[in-house]
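Heads up: the structure comes next, in structure tokens.
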There are 2 protein chains.
Amino acid sequence: MANKKIGSQTIMLENAPSIIGVSSIVGPKEGQGPLKDYFDLIINDMYYQEKSWEKAERKMMKEAVEMAIKNSKIPYNAIEYFIAGDLLNQIISAGYTARDLGLPFLGIYGACSTMAEGLALGAMIVDGGFADNVVIATSSHFCTAERQYRFPLEFGTQRPPTSQTTVTGAGAAVISSKVDNPRITYITVGKVIDMGEKNPNDMGTAMAPAAVDTIVKHFEDTKRSQDYYDLVVTGDLASIGKDIAEDLLKEKGLNLSNRYSDCGLMIFSPYQDVHAGGSGCGCAAVVFCGYIYKEMKKGRFNKVLLVTTGALMSTTSTQQGESIPCIAHAVSIENL
Amino acid sequence: MANKKIGSQTIMLENAPSIIGVSSIVGPKEGQGPLKDYFDLIINDMYYQEKSWEKAERKMMKEAVEMAIKNSKIPYNAIEYFIAGDLLNQIISAGYTARDLGLPFLGIYGACSTMAEGLALGAMIVDGGFADNVVIATSSHFCTAERQYRFPLEFGTQRPPTSQTTVTGAGAAVISSKVDNPRITYITVGKVIDMGEKNPNDMGTAMAPAAVDTIVKHFEDTKRSQDYYDLVVTGDLASIGKDIAEDLLKEKGLNLSNRYSDCGLMIFSPYQDVHAGGSGCGCAAVVFCGYIYKEMKKGRFNKVLLVTTGALMSTTSTQQGESIPCIAHAVSIENL
């Protein structure tokens with residue numbers, strides 16, 4: 001079979017699988033932000049009636065998947081794979097959700113790049129004819145992430161202004177061979193870029209070069225012009241990282257101007273005390289499955305490049321003096 | 001495009017991608033075991049000249065990948081994707097290896113099932129025409145796993161007899177559209193099975209039902225007879241889990257008798273003080289990339305079903321009283 005790769009890192013999906021259903025569930029703070037009317041469910045309790053934040057996170061993921069399948073209007077047993085990952089050690093949100101769903105499961109990890117990694121793998125599996133319907137999901141939770149990566153919330157530690165606020169939320173999408181809009185047309189799988197940044201309280205700065213590397217490769221490989229997309233949206237660079245990304249893009253000759261935005265800035269208002277902005281796998285997941293998807297359905301956006309970005313370090317690697325390896329994957333989603 | 005799925009959970013790979021090169025690197029204890037002559041490299045220092053065990057683990061993974069590419073006799077720049085995962089939080093062995101390799105990277109997590117998950121995804125990507133050559137890898141290290149999942153080795157904690165010994169090792173395989181033996185013909189992606197086991201010191205018991213579920217589905221879906229394979233090999237159930245798996249298989253009407261073995265038993269001799277046997281992603285990786293692959297090349301084995309098994313809990317989920325969700329993926333590897 002002919003290799004469907006174009007350029008150095010991009011794949012053209014010949015059959016352009018459709019995203020036939022999505023859903024988004026968010027926490028209280030996200031539910032007060034500017035995108036509040038786009039989410040399917042806003043929970044008002046960080047425990048979501050569970051005994052731990054970890055159990056609350058996986059409950060959000062499970063319900064998001066069930067809701068996405070319902071919204072896709074195909075029967076539950078038509079779903080062939082569940083592809084998911086999250087920020088927690090051993091991706092337990094995804095693993096326990098897979099147990100409860102009873103679907104064949106492929107676990108992935110890409111830190112906050114997980115949403116595009118899931119869309120990319122799901123799209124390849126459908127485009128390659130290995131399944132007709134797969135569901136992908138990712139989640140994050142402010143309290144589980146703080147406990148695991150930084151300090152238990154009970155410490156009341158003050159976070160520096162460069163730090164980002166992990167989004168409490170879960171998003172899920174059903175990718176299908178059924179023809180409908182929007183569709184996944186190209187994917188650009190990223191390389192790990194590490195510019196030597198070591199500050200775990202400033203992920204935006206660390207991740208910006210990875211986002212730019214993947215965006216530049218995507219435009220080079222597809223030979224699309226810089227005004228092709230209605231929206232190029234990075235996952236969660238937030239205020240500091242987005243500024244750096246814009247500068248780096250211009251240096252590379254790409255001027256996306258007001259077509260470029262970042263999910264970490266879109267999800268919260270600057271008045272919400274979220275420091276540099278939003279982050280976490282859930283951030284890009286709910287902004288895409290909430291706002292972007294719905295605006296694509298209405299035709300306000302017709303061509304979107306979703307570029308989710310991940311910082312692949314752990315607390316152990318940081319303690320051992322390592323810098324932060326970052327990655328970004330791009331998925332071209334279009335109304336055809 | 002026609003769905004290539006057969007039965008409920010199995011995919012037939014129309015083009016049957018080849019495994020054109022592999023490599024295996026192991027630690028000192030594995031290098032004294034019965035398979036010692038099959039490994040490409042035995043390190044005699046658990047630090048492998050690095051400052052931490054974590055850095056040693058990723059050095060093994062990086063060298064295993066480079067050696068597998070060299071053994072495959074294709075140029076380095078012909079490799080299009082690096083698909084990898086490991087046991088460490090945020091799969092840092094894979095993430096830092098991806099940084100050093102400079103290849104487009106897809107991170108996966110399936111605990112000790114990672115080897116088959118990587119082979120499955122790599123085979124789908126090649127079979128679907130999205131790449132001509134991908135390299136997959138996984139690793140584990142006794143000291144990094146003990147520190148993260150149980151106790152720092154410095155404590156000198158005594159482990160119970162049901163516990164398994166995490167294999168120190170890394171394995172890598174190049175999957176290619178080039179026609180050569182052995183080839184990947186079918187994959188069965190597993191569901192999460194959780195029978196309520198909660199003892200993190202007895203993974204074999206927890207994982208056996210997941211292995212059996214996937215093996216039974218594979219035979220049902222492919223309609224192959226119970227004597228089709230020369231070898232059906234589970235990842236790392238070790239002595240306790242393998243006995244349970246054999247009983248459960250017989251209950252389901254599958255009598256694999258002496259065609260069935262387990263990597264966790266094959267890698268160590270019973271005289272090596274490894275408790276129930278070997279475990280860790282690296283276990284199935286080095287047994288496959290060392291012993292099984294080489295014996296397939298010689299024609300001693302022509303049809304192998306590799307079924308790697310993973311326990312998807314974390315220390316947090318165990319502390320929160322959760323049982324252990326387990327998974328197994330099966331890959332049919334054949335000389336055609």
| field | Per-bin percent of Cα-Cα distances, the stretch B:283-334 [10 Å] | value | 22, 37, 21, 15, 6
| note | In whole percents, the bins of 5 Å from zero upward hold the Cα-Cα pairs of the stretch A:216-300 as 3, 14, 22, 23, 20, 14, 4, 1, 0
| query | Can you tell which of A:Leu265, A:Ala285, A:Leu254 lies farthest toward the positive end of the dipole of the stretch A:240-285, using +1 and -1 charges on the Cβ of basic and acidic side chains (Lys, Arg; Asp, Glu)? | reply | A:Leu254
| request: Quote the charge dipole size of chain B about the Cα centre in Debye, to the nearest 20; the model charges only the Cβ of Lys and Arg (+1) and of Asp and Glu (-1). | output: 500 debye
| What does the helix-only formula give at 222 nm for chain A: each DSSP H stretch with n ≥ 4 adding -39500 (n - 2.57), the total divided by the residues, and the result rounded to the nearest 500 deg cm²/dmol? | -9500 deg cm²/dmol
| Long-range tail of P(r) for the stretch A:144-213 (Cα pairs > 17 Å, %) | 65 percent
| task | Step through the table entries A:Lys191/B:Lys62; A:Lys178/A:Lys223; B:Lys217/B:Lys303; A:Lys198/A:Lys250; B:Lys4/B:Lys294, compare each Cα-Cα distance with 21 Å, and write down the pairs that go over it. | result | A:Lys178/A:Lys223; A:Lys198/A:Lys250; B:Lys4/B:Lys294
| message | As I understand it, the dipole of chain A uses +1 on the Cβ of Lys and Arg and -1 on the Cβ of Asp and Glu, about the Cα centre. Which of A:Ile92, A:Gly122, A:Val192 lies farthest toward its positive end? | response | A:Gly122
| query | Per the Kirkwood definition applied to all pairs of different Cα atoms, how many angstroms is the hydrodynamic radius of chain A? | reply | 19.3 Å
| task | Would you calculate the volume per residue, in Å³, of the smallest convex hull containing every Cα atom of the protein assembly as shown? | result | 136 Å³
| Average projection area in nm² (convex hull over Cα atoms of the stretch B:183-334, one quarter of hull surface) | 8.8 nm²
| note | Given unit charges at Cβ for Lys, Arg (+) and Asp, Glu (-), the dipole magnitude of the stretch B:5-176 about its Cα centre in debye, nearest 20, is 280 debye
| task | Would you mind telling me the antiparallel percentage of the DSSP bridges in the protein assembly as shown, rounded to 5? | result | 65 percent
| When only Cα pairs under 8 Å and 6 or more residues apart are kept, what is the percent relative contact order across chain B? | 26 percent
| task | For chain A, set up a Gaussian network in which alpha carbons nearer than 10 Å are linked by springs, and say which option among A:Glu57, A:Glu220, A:Glu30 fluctuates the most. | result | A:Glu220
| request: Express as a percent, rounded to the nearest 5, the fraction of DSSP beta bridges in chain B (both residues included) that run antiparallel. | output: 65 percent
| note | Expressed in nanometres to one decimal, the distance between label points 7 Å along Cα→Cβ at B:Lys36 and A:Tyr76 is 5.4 nm
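The numbers here are math on the coordinates, done by the rules we state, and not lab data. Note that the coordinates shown come from a computational prediction; the quantities given were computed from them, not determined experimentally. Neighbour counts are summed over all protein chains in view; Cβ atoms, including those assigned to glycine, are modelled from backbone coordinates with ideal geometry.
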